[in-house]
1. Evaluate the following for Leu56: is it within 16 Å of Asp147 (Cα to Cα) and modelled with pLDDT of 95 or more?
2. Output the residue which, of all residues in region 62-110 that are assigned to a strand (DSSP E or B) and without any contact (Cβ under 8 Å) to a residue 24 or more places away in the chain, is farthest from Val143 (Cα to Cα).
3. Is it fair to say Gly81 is closer than 11 Å to Ala27 by Cα and out of contact with any Pro (no Cβ under 9 Å at 6 or more places or on another chain)?
4. What residue, among those in region 49-99 that are among the aromatic types (Phe, Trp, Tyr) and touching a Ser or Thr at 6+ places or on another chain (Cβ under 8 Å), is surrounded by the most Cβ atoms within 10 Å (Cβ to Cβ)?
5. Just to be sure I understand, how many residues within region 30-45 are within 12 Å of the chain's Cα centre (by Cα), crowded, with 19+ Cβ neighbours inside 10 Å and free of Cβ contacts under 8 Å to residues at least 60 places away in the same chain?
6. For the condition closer than 25 Å to Asp83 by Cβ, in contact (Cβ under 8 Å) with a residue 12 or more places away in the chain and either in contact with a Gly (Cβ under 7 Å, 6 or more places away or on another chain) or assigned to a helix (DSSP H, G or I) (or both), what is the one hit in Ala10, Ala15, Ala53, Ala27?
7. State which residue pairs qualify: first residue more than 11 Å from Leu90 (Cα to Cα) and without any contact (Cβ under 8 Å) to a residue 24 or more places away in the chain and inside region 137-155, second residue polar (S, T, N, Q) and surrounded by fewer than 16 Cβ atoms within 10 Å (Cβ to Cβ) in any location, beta carbons under 6 Å apart, and separation of 6 or more residues or different chains.
Amino acid sequence: MFASDEEALAAAEDAYRAYLEVANAVAQDGGLNPERYKAVTTHEWLQQEVESAEALQASGDRQVGELSLTSMTLQQVDYVGADASVSAYLCLDISGTTFIDAAGNDVTPPNREPIAGLEVVFRAEKTGLMDRPAASRSVRLLVEGSDLWTGQSFC
């Protein structure tokens, strides 16, 4: 599926940048239209994202600015039959974002760290026509889970 760890890491970086585009757009829209996550998450993780977006909608808050990926390190690639998952540690820059309420007041937590360490898991999905040779098919990664790193920061 991946010729090397470097190829898996590059695919994970591309997948996370695509995920961030959606995450930023949904949060900037106050949680509206969370179905946009379908293109970048697994069905299981989509449910988590929809719940988070609904909570944001209910609060009346919205994000200003954008989250950005500062670095990513491959943790592991697991192959199970024809399937694969990729785990990575990443550093997410949240310093360029604030949250404002419906009245325009800044409601950003005052003591938040500017960089968040995350452990993110991706699931590989094969794309292309399955009746074509394997070499002509491609693989894309979808976000399957994300946990805030609570140990010593690696960022």
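1. When the stated conditions are applied, Leu56 does not pass them.
2. Looking at the filtered set, the residue picked out is Asp106.
3. For Gly81, the condition - closer than 11 Å to Ala27 by Cα and out of contact with any Pro (no Cβ under 9 Å at 6 or more places or on another chain) - is not met.
4. Phe99
5. Residues flagged as within 12 Å of the chain's Cα centre (by Cα), crowded, with 19+ Cβ neighbours inside 10 Å and free of Cβ contacts under 8 Å to residues at least 60 places away in the same chain within region 30-45 amount to 1.
6. Ala15
7. Qualifying pairs under 6 Å: Ser138/Thr127.
The values are calculated or read from the model by the stated rules, or taken from the named source; none is laboratory data. Keep in mind the model is a prediction, meaning the values are calculated, not measured. A quick note on method: Cβ atoms are made from the backbone with ideal geometry, for glycine too, and the neighbour counts reach across all protein chains shown.
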